[in-house]
Structures are given as C-alpha cells and as structure tokens.
1. Could you check the stretch A:42-58 and list, in sequence order, the residues that are surrounded by fewer than 22 Cβ atoms within 10 Å (Cβ to Cβ) and within 21 Å of A:Arg114 (Cα to Cα)?
2. Could we say that A:Tyr36 is within 14 Å of another protein chain (Cβ to nearest Cβ) and either in contact (Cβ under 8 Å) with a residue 12 or more places away in the chain or over 20 Å from the mean Cα position of the chain (by Cα) (or both) here?
3. Out of all the residues in the stretch A:110-117, is one or more within 14 Å of chain B (Cβ to nearest Cβ), within 22 Å of B:Glu17 (Cα to Cα) and out of contact with any helix residue (DSSP H, G or I) (no Cβ under 7 Å at 6 or more places or on another chain)?
4. Can you confirm whether A:Gly60 is of a type in the set (Gly, Ala, Ser) and closer than 18 Å to A:His86 by Cβ?
5. Across the stretch A:132-150, which residue is nearest to A:Glu194 (Cα to Cα) among those that are part of a helix (DSSP H, G or I) and not aliphatic (A, V, I, L, M)?
6. Has the stretch B:3-11 got any residue that is away from chain A (no Cβ under 14 Å) and out of contact with any strand residue (DSSP E or B) (no Cβ under 6 Å at 6 or more places or on another chain)?
7. If you go through the stretch A:62-73 one residue at a time, do you hit one that is assigned by TED's automatic domain parsing to the domain that holds A:Arg147, among the hydrophobic types (A, V, I, L, M, F, W, C), farther than 27 Å from A:Met149 by Cα and touching a Lys or Arg at 6+ places or on another chain (Cβ under 7 Å)?
8. From the list A:Leu129, A:Leu107, pick out the single residue that is in a helix (DSSP H, G or I), surrounded by 18 or more Cβ atoms within 10 Å (Cβ to Cβ) and without any contact (Cβ under 8 Å) to a residue 40 or more places away in the chain.
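The values are calculated or read from the model by the stated rules, or taken from the named source; none is laboratory data. Fair warning: this is a prediction, and the values are worked out from it, not measured in the lab. For neighbour counting, all protein chains shown are included, and Cβ atoms are generated from backbone atoms with ideal geometry for every residue, glycine included.
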Amino acid sequence: MERKCVVQVEDLSKFYQKRKTKEIVKAIEGVSFEVYEGEILGLLGPNGAGKTTTIKSMCGLLKPDEGKVKILETDVEKSRLRALNHISAVLEGNRNLYWRLTVKENLEYFAGNRGTRRKNVQSRIEHLLNQFDLKKKENELVSSLSRGMQQKLAIVVALLADTEVILLDEPTLGIDVETGYEIRELLKEIVKKENKTIIISSHDMPVVQDLCERTVIINHGKVITNEKVDNLIDLFETKAYCLSLGEELNKQQILQIESHFPIYEYSDQKLEVTLENDGDIYFLMDILKSASTKIEKIDRTTIDFEQVFMNLISREENENVVSSSN
Amino acid sequence: MSLVHLISANTRMEFIELKRYLPNTIAMFLTFYIIFLAMFFGINVIGDPQHAETNIQYGIVNMVFWFLTMMTLSNIGFTITLEATRGTLECVK
C-alpha cells in the first residue's frame, strides 16, 4: 500500500548576505525530500550543514529564496496559517514553556493559543499527562521540574495540538539515559497508535538508529543521502572480525595476512581483519592453524549508525575536495 | 471564536501571574497610586484653583493613559532586551 505524503520539500534554497563583507553565503541549495504518514524521519548533518534553515523553512519561520514546502498539500508560503495547523514543533532548549506556570496551566495556555476552548482539552490533557507520567507533577511550576521532565512536557504541548506532523529538534539533548529511553519509547508508541509523522533533528546517532525509519543527511547545504537507516547500515557493513589470540603471530603468518587481507590491524595479540569474500574466513583459519596459534575469542565487528554517518560525511568532503581541485 | 479562546488564554495567564507573584502586583499598584496622589496634590497646589475640578478630571484620564502606555512600552522593551540577550532574535532572523 502506498503511503500518504505528508511533507514535501521541493528544491529549497536559502542564501544569506554577510553584514560586513556583503558576501553571499549559501545556507541550503536544492534541498528536496518527502516525509510519509506514520514515519519517523531523521534530519541529520554536521553543525552549519543547513538543518536548522530547512527546519525553519518548514515551520514558516524563514522564507526560502527558492523552492517550496508543502504540508498536507498546503503551501507554507502561500497559506502559512493553514499549513501550520498541521505541524507542531519542539525546538531545542527550554524556551518552549512558561516557567512561571504549572504543568497543567502551560498545557491549558498553549491549547488556548491554538484557539481551543479550555474545557474541550481537559480529557486530552489528562490522557497525555498519564501517558507521559506527568500526572503527579501537574500542579508544580515548570521552573521546579528537571530537564527531562521539561522536555517531556514540551513534547506533550506539541502533541496537545493534535497535528499530523511533529518536528523535534534535539529531543534527547542533555537528558539522562533513562529519560532518553523513555522519550524514545513514547515517541514510537505515538507513531504506532496515533499514526503521527515525526521529523527529528539530532546529533545523537544511537537515538536516530533506534527511532528513525529513514534519514535525510544534509551537508554543505545539500542533501547527500535520503535512505532507510537499515539500508545505510547494510551498505557500510563490513565483514570484519576481531580475534583475541593466545600467543603472538610469527613473521610468516603476518606476511600471509598482509598479502591476503588489505585491511587488517595487529597489536597485542589482537588481530582485526576485514574480509572481502565469505570464504576468506577459512583462509584466515588456515594461516592461524599453520602455526597452531591459540584463538581465545572471535568477535564480529558490527557497524553502527554513527560510523555510517561519519563515513557518508567524510566521503562527501573528499568528493568536494576532488571536484574543487579539478 | 478561536480568537476569543486565544485572548481568554492570555488573559488567564496574566491573571495567574499577577496572583502568583503578589508582592510584584502590590508594588505595581502602589506605584500607580503614589504617582496618582502626587499628580492630584500637584494640581491642587500648582494649578489654577478656579479650574481645579476640570484639571483633576483631565489629570485622571491622562494618568491612566500615560500609565498604560508606560507599562506597554516598558514590557515590550523588557521582552525585546531579554530575548535579545537569550539569542532568540538571532534564532528567527
């Protein structure tokens, strides 16, 4: 079944002019991607890559120089208010909440700001407070809550609006491991039960790997990858093994390994080898068997999303260097 | 109708803050009262005794508008300064 496209970003470009030098700086150029219903998309990139510019354009906070953003077929530039009715955002930091109000007062206030009657949202507020385990804190001032609780409340505020799209900027930044895990599980539950679409901008790669179905990676203002997380991991997956040996390898063995395995590392009786073919493992065993080298442990080295991200970024950087030198 | 709920939510928030930070609220009204008294007695002492009644009426109206204007301006100024210090303005440019 084909999934409904909820957000369409088409050829988005934004340029800034430096105040002093009047030099034109490219923030993003030709950024295009789509987000589908019930999907968690990770918007990634190093600092200054153009993520925030893209996010701001999606929220209508910035007017792009070229291209457009459509949220449920509504053009953000042409019908800003109508488009923004479909999207709510939790931006990084704790400026999303009023610290002088209690948890419940904040929720009632933000519901009112969206034009909803206070009485009409009471049941939803109760439901969300219970879901996010904030019921006990409902009458406490936001200023007295922990960073994790404030972040959870900010997400509840975004969910209260009941919009189809939720934009989260660094949802787990500065939060302890336990609360981070809790937030991740809650977000997964929301997507599963309420079929919401979530766009996450984060530098926390384990979070992205755990939460996101697909990622869009931006670098130097351009989309360098728009692919499913699993596909990216498969793409960079190497058949690498780490062997802990009971004794040192002899010179003959090292020479044999060197000639057959271009990528290898050996130190302190630890051998790390990257195999190119499935049959190479038998050849490696033969080399070790030839001197009856004792093997204490064999581990398969797996690649995580952080390494995938680093590989993609460095590959793009290298391509840029090559194209500029040509 | 949504505009009514928007105004109601913001009025409620202001009311909650006025109630929650009572010393601040009392100090604000006290300042207003002291300035009013100063103006009232000032008109009586300096102003023309023949037009004292009219002057006081004008004075009250002027005082209310002046106070509202001052409050609005200082609030806007304070918010802009605060947000500029926090870096919010840079975030939305």
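1. Passing the criteria: A:Ile55, A:Lys56.
2. Considered against the rule, which asks whether it is within 14 Å of another protein chain (Cβ to nearest Cβ) and either in contact (Cβ under 8 Å) with a residue 12 or more places away in the chain or over 20 Å from the mean Cα position of the chain (by Cα) (or both), A:Tyr36 comes out as no.
3. Yes, some residue in the stretch A:110-117 is within 14 Å of chain B (Cβ to nearest Cβ), within 22 Å of B:Glu17 (Cα to Cα) and out of contact with any helix residue (DSSP H, G or I) (no Cβ under 7 Å at 6 or more places or on another chain).
4. For A:Gly60, the condition - of a type in the set (Gly, Ala, Ser) and closer than 18 Å to A:His86 by Cβ - is met.
5. A:Lys135
6. Of all residues in the stretch B:3-11, those away from chain A (no Cβ under 14 Å) come to none.
Within the stretch B:3-11, none of the residues are away from chain A (no Cβ under 14 Å) and out of contact with any strand residue (DSSP E or B) (no Cβ under 6 Å at 6 or more places or on another chain).
7. Let us first name the residues in the stretch A:62-73 that are assigned by TED's automatic domain parsing to the domain that holds A:Arg147, namely A:62-73.
Filter once more, keeping what is among the hydrophobic types (A, V, I, L, M, F, W, C): A:62, A:69, A:71-72.
Next, from what is left, pick out any that are farther than 27 Å from A:Met149 by Cα: A:62, A:69, A:71-72.
Keeping just the survivors that are touching a Lys or Arg at 6+ places or on another chain (Cβ under 7 Å) gives A:62.
Within the stretch A:62-73, one or more residues are assigned by TED's automatic domain parsing to the domain that holds A:Arg147, among the hydrophobic types (A, V, I, L, M, F, W, C), farther than 27 Å from A:Met149 by Cα and touching a Lys or Arg at 6+ places or on another chain (Cβ under 7 Å).
8. After ruling out the rest, the residue left standing is A:Leu129.
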